[in-house]
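So the structure is just underneath, and the comments pick up after that.
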Amino acid sequence: MTANASVDCAGAPVLSVQGLSLAREGRIFARLSDFQVLPGRSLAVVGRSGSGKTTALMALAAVRAPATGTIEIGGINPWSLQRAARDRFRNCCIGLVFQSFHLVDALSVAANIRLPARCASRLVDSRIAAWLADHPVDEGERLDLLLKALGLVEISGHRADRISQGQAQRAAVARALFNRPAVILADEPTSALDDDNASALLDLLRTSAVSENAALVIATHDRRALQAVDHVLAIESV
């Protein structure tokens with residue numbers, strides 16, 4: 001399957017990308033074909049190691065600017081916002097699962113998962129405020145749901161530096177999903193997981209996207225993940 005056209009379902013695209021190219025040390029090294037992801041649908045970005053999958057995800061997450069192109073999430077181009085507003089937008093509307101997790105060692109698993117709730121209350125764009133109003137989060141209920149769905153209940157009080165690699169990966173996914181984001185971005189989310197846990201995690205990502213009308217984008221080379229998405233898009237080396 002390809003992602004050059006939007007998926008056939010109702011609603012405007014949650015995520016739209018046009019003319020995206022990526023640069024390293026001032027030289028363009030990769031491109032992505034134009035694509036859209038509609039509510040509740042999913043896309044995998046694939047490519048060999050070093051091809052730019054993670055860099056592409058960082059561009060979509062408004063972390064690292066692309067060399068060229070336009071990215072819109074819910075009709076908002078995060079790269080058109082001032083830095084502080086862009087940071088708030090990312091925290092409120094983008095759920096990002098880093099490959100290296102970035103959990104806070106001194107905090108418990110539960111506290112790490114709840115970190116995105118510290119979203120700035122003053123928002124400079126009314127469309128961001130509207131998204132939050134339409135996607136309220138009951139913090140206690142949300143935490144319980146994610147802990148149970150990802151098998152983290154028994155270790156919820158453990159410090160993040162005292163859990164296994166697989167548990168840390170699942171905690172990072174739960175944190176990314178906590179704010180009910182418009183876009184869920186996951187960088188190799190199954191790399192440290194056995195088949196059972198990988199299946200449970202992919203099911204949670206997919207069902208979360210469907211139930212909350214979010215767009216799911218996974219950067220991966222894991223065949224298990226490819227079977228869980230609607231479309232696959234190969235990154236193009238230049």
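Residues of the range 180-201 being surrounded by 24 or more Cβ atoms within 10 Å (Cβ to Cβ) and either in a helix (DSSP H, G or I) or touching a Pro at 6+ places or on another chain (Cβ under 7 Å) (or both), which ones?
Across the range 180-201, the qualifying residue is only Leu201.
Answer yes or no: is there a residue in the range 16-23 that is closer than 30 Å to Ala160 by Cβ and either touching a helix residue (DSSP H, G or I) at 6+ places or on another chain (Cβ under 9 Å) or at pLDDT below 95 (or both).
No - not one qualifying residue is present in the range 16-23.
Could you check how many residues of the range 44-66 are in contact (Cβ under 8 Å) with a residue 40 or more places away in the chain and within 14 Å of the chain's Cα centre (by Cα)?
8
Which residues, taken from the range 144-186, are of a type in the set (Phe, Trp, Tyr) and either under 12 Å from Ser108 (Cα atoms) or without any contact (Cβ under 8 Å) to a residue 40 or more places away in the chain (or both)? Reasoning before the result, please.
Within the range 144-186, the subset of a type in the set (Phe, Trp, Tyr) is 178.
Within the range 144-186, none qualify.
Only one of Ala214, Ala129, Ala149, Ala192 is at pLDDT 90 or above and not charged (D, E, K, R). Can you tell me which?
The match here is Ala214.
Is it true that some residue in the range 161-170 is hydroxyl-bearing (Ser, Thr, Tyr), within 29 Å of Gly74 (Cα to Cα), surrounded by fewer than 19 Cβ atoms within 10 Å (Cβ to Cβ) and modelled with pLDDT of 90 or more?
Looking for residues that are hydroxyl-bearing (Ser, Thr, Tyr), within 29 Å of Gly74 (Cα to Cα), surrounded by fewer than 19 Cβ atoms within 10 Å (Cβ to Cβ) and modelled with pLDDT of 90 or more, one finds none in the range 161-170, hence no.
Please count how many residues of the range 217-238 are among the hydrophobic types (A, V, I, L, M, F, W, C) and over 18 Å from Ser33 (Cβ atoms).
Summing the residues that are among the hydrophobic types (A, V, I, L, M, F, W, C) and over 18 Å from Ser33 (Cβ atoms) in the range 217-238 gives 2.
The values are calculated or read from the model by the stated rules, or taken from the named source; none is laboratory data. Quick caveat, the model's predicted, so the values are computed rather than measured. Positions of Cβ are backbone-derived with ideal geometry, glycine not excepted, and every protein chain shown enters the neighbour counts.
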